[in-house]
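The values are calculated or read from the model by the stated rules, or taken from the named source; none is laboratory data. Computed from a prediction, not measured in an experiment: that's the story for all the values here. Every residue, glycine among them, receives a Cβ derived from its backbone with ideal geometry; neighbour counts consider all protein chains shown. When the accessible area is computed, the model is the full protein with side chains, heavy atoms only, and any ligands, DNA or RNA have been set aside. Shrake-Rupley method; radii C 1.70, N 1.55, O 1.52, S 1.80 Å.
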Amino acid sequence: MFFSKITLLPDMQVIKKLNNFIFSHNDYLVHQLLWQLFRQDSIDTAMRSFIYRDETNHKWPSFYVISQTMPDNNDNFWKIETKLYAPHIETGQRFQFILRVNPRIAKKTEKEGKIKSIHYDIIQDTAQNAADKKITSELIQTAGKNWLEKRSQQYGFQLLDICVDNFQKRILFKGKQENPIRFSTIDYNGYLQVIDVEEFEKNLFQGIGPAKGFGCGLLLIKR
């Protein structure tokens, strides 16, 4: 595996060529630039061999990426810093971590005489069941913590300390489609302890939760 920090070069020629992407206020177009670095992958997320975290500041694209192959910088639009990524993981190790997820839950619902599994955003679903129906910082902290705590063991770790940084509703416009892609994210930071090396490594390399094709699921750790 490879770990890369990828930042768009602050070059006027690059800015002119990619003006529509960078200043379009459409995050989907910015993400398309990242996908171009992995041309060997299908644009179909089922064939994607990388996960990433968007660290864009002031609309200037920057990403952290874990990938099976090295990024291809033939267009020379990017500053790419890449290294082999093979952390030595042992049971009982403790790490500081940050993580961005799409916090969905599935509920079985009867529709047209059939039982179907419908996905709901955990923050909005919790707010709907609250007395005042409001999304508060306290609700985000509580619901966000519960979502990850319930799943942490299946991901191979135990949470030692956790903070939910923020909750954001995101809208991505793909081409000229009238129905945009809508999803939400929450950010975590805290400390964890490894309890299952095999499961932990799998999720470290493959990501956690849904919406990985849109920058969710990358677990970043440091001792």
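Spacing of the modelled spin labels on residue 36 and residue 60, each 7 Å from Cα toward Cβ, amounts to 2.0 nm. Each of 2, 50 has its accessible area taken with a 1.4 Å probe; listed largest first, they run 2, 50.
Between residue 160 and residue 201, residue separation times 0.36 nm minus the direct Cα-Cα distance comes to 12.9 nm. Each Cα pair under 8 Å and six or more residues apart adds its separation to the average, and for region 139-223 the resulting relative contact order is 26 percent.
Note on residue 83 and residue 220: their simple-model spin labels are 1.4 nm apart, each label 7 Å out from Cα toward Cβ. Would you kindly find the accessible area of residue 142, with a 1.4 Å probe and non-protein molecules such as ligands, DNA and RNA excluded, rounding to the nearest 10 Å²? Roll a 1.4 Å probe over it and residue 142 shows about 70 Å².
Counting only heavy atoms of the protein chains and using a 1.4 Å probe, residue 120 has close to 80 Å² of accessible surface.
To the nearest 10, the accessible area of residue 81 is 90 Å² with a 1.4 Å probe. When 150, 169, 212, 5 are compared by accessible area of protein heavy atoms, the largest-first order is 150, 169, 5, 212, using a 1.4 Å probe. A simple spin-label model places pseudo-atoms 7 Å from Cα toward Cβ; at residue 193 and residue 115 they are separated by 3.8 nm.
If R0 is 35 Å, the Cβ-Cβ spacing of residue 153 and residue 12 corresponds to a FRET efficiency of close to 0.10.
If R0 equals 41 Å, the separation of the Cβ atoms of residue 138 and residue 73 corresponds to a calculated FRET efficiency of about 0.40. Farthest towards the positive end of the charge dipole of region 75-205, among the residues 97, 123, 204, is the Cα of 123, using unit charges on the Cβ of Lys, Arg, Asp and Glu.
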